[in-house]
Each structure stands twice: as C-alpha cells, then as structure tokens.
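Since the structure comes first, as structure tokens, the remarks are kept for the end.
FYI, it's all coordinate maths here, none of it is from the lab. From a predicted model like this one, the values you see are computed outputs, not experimental measurements. Glycine also receives a Cβ, built like all others from the backbone with ideal geometry; neighbour counts cover every protein chain displayed.
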Amino acid sequence: MKAKTFLIAIILIITAGTYSASSQKSDFSGEWKLNREKTVLADNQLYLSEIKIFVKKDSLITTRTYEDGNGQVYPFDENLTLDGKECKIIIYDMPRTSKASKVNSDGSIIVESRTTFYGNNGEDNLNSTETWKIDREGPTLIISFKNNMSSGEVSGTNYYNKVK
C-alpha cells in the first residue's frame with residue numbers, strides 16, 4: 001500500500017511540474033540582435049536590426065533600432081500597453097500609432113502600427129502587423145511581419161538572438 005501511495009505521489013509531482021513548465025510565460029525581456037544567417041533581408045529597405053524589450057505587467061517598453069543597407073541606424077523608443085489601447089509617438093517627424101496585445105494561448109504578442117511619412121509621391125502610410133514569439137530552444141525571438149504601403153505588401157520573418 002505504501003509503495004502504491006508513493007508511486008501516485010511521484011506521478012502527481014511529475015504531472016504538476018510538467019504543467020508548470022509548459023504554462024510558463026514567454027520571456028520577451030532583454031536585448032535581441034538580428035540573426036543575419038537565418039533572416040532573409042530585402043535589398044534597399046530598412047530592417048529591424050536590434051530590439052530591447054522590457055515587459056512589466058501590462059506594459060511593453062521597447063527601443064527599436066532600424067538599419068539601412070549603408071549601416072546607418074535609426075533608434076526610437078516606444079511604450080505600449082498590452083491591452084490593445086492605441087499609443088501615439090513621433091519618430092523623426094513621422095506620426096506613429098501603435099497597439100499591442102498579448103495572445104494567451106501561445107504567449108505571443110501582436111503589435112500593430114501605422115506610420116505616416118512623406119515620400120516622393122506625397123503622404124503615405126506604412127501599416128504593419130508583427131507577431132512576436134519566443135522559441136525556447138534558442139532562445140530566439142521570432143518576429144513575423146506584414147507591411148502594407150501604397151507601393152505594395154512585404155512580409156517575412158526575422159530571427160533574433162538574445163544578447164547575454
């Protein structure tokens with residue numbers, strides 16, 4: 001009888017430990033640098049080369065660093081809430097409206113933004129949807145994106161390694 005009780009207790013402990021490990025929240029916080037070997041970059045376009053993320057309760061605080069093909073960098077800070085409320089900032093004279101929401105089923109974060117800029121043909125908008133996920137094996141931050149402008153749509157996936 002004692003052996004049976006002991007076996008049941010061990011099974012319960014293992015089951016609880018497995019459940020706890022599988023239900024852990026994704027840890028987005030940290031400094032992430034683009035993995036250029038895994039990521040396919042489009043020619044002559046800005047790309048997100050580094051992102052610093054701090055998640056605290058319902059706040060998402062980031063420093064995004066975009067880079068062009070010449071190595072010129074364009075950093076900016078953005079503070080969002082994870083409840084889907086819109087936040088507005090100005091980036092290099094360009095108004096940006098963004099919102100973020102956490103997807104509970106897989107721990108991913110969805111970031112939607114609209115940035116208004118002035119190009120050769122006048123005013124245009126860059127509408128972007130990003131899905132952030134953590135691959136725990138790496139750890140790797142995976143950002144899948146879809147960008148829409150008047151000139152067309154671009155989509156892809158970027159991979160970021162956590163800086164230790």
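Table for the structure above
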quantity	calculated
Vicinal HN-Hα couplings computed from phi for the range 120-131 (Karplus, 6.51 cos²θ - 1.76 cosθ + 1.60; Hz; Gly/Pro x)	4, 9, x, 6, 9, 10, 9, 9, 10, 10, 10, 10
Loop chymotrypsin sites (Phe, Trp or Tyr not before Pro), the range 63-128, which have at most 10 other Cβ atoms in a 10 Å radius of their Cβ (DSSP)	Y92
Vicinal HN-Hα couplings computed from phi for the range 78-90 (Karplus, 6.51 cos²θ - 1.76 cosθ + 1.60; Hz; Gly/Pro x)	9, 10, 10, 9, 9, 10, x, 7, 6, 10, 10, 9, 10
Spin-label model distance (nm) - K164 vs I89, 7 Å beyond Cα toward Cβ	2.9
Candidate aspartates and glutamates for bridging to K102, where Cα separation is under 19 Å - those fewer than 8 sequence places away on the same chain excluded	D27, D58, E78, D83, E86, E112, E130, D135
Cα-based Kirkwood hydrodynamic radius, the range 50-113, one decimal, Å	12.7
Long-range amide H partners of Y66 with built H, under 5 Å	S49, Y74, F76
Filter on K38/K146; K99/K164; K57/K85; K38/K88 - keep pairs with C-alpha separation over 25 Å	K99/K164; K38/K88
Where labels lie 7 Å past Cα in the beta-carbon direction, separation of N121 and E31 in nm	4.0
Cleavage-rule hits (GluC sites (Glu not before Pro)) in the range 55-161: DSSP loop, at most 16 neighbouring Cβ within 10 angstrom	E86, E137
Trypsin sites (Lys or Arg not before Pro) restricted to the range 67-161 and DSSP loop, no more than 16 other C-beta within 10 Å	K85, R136
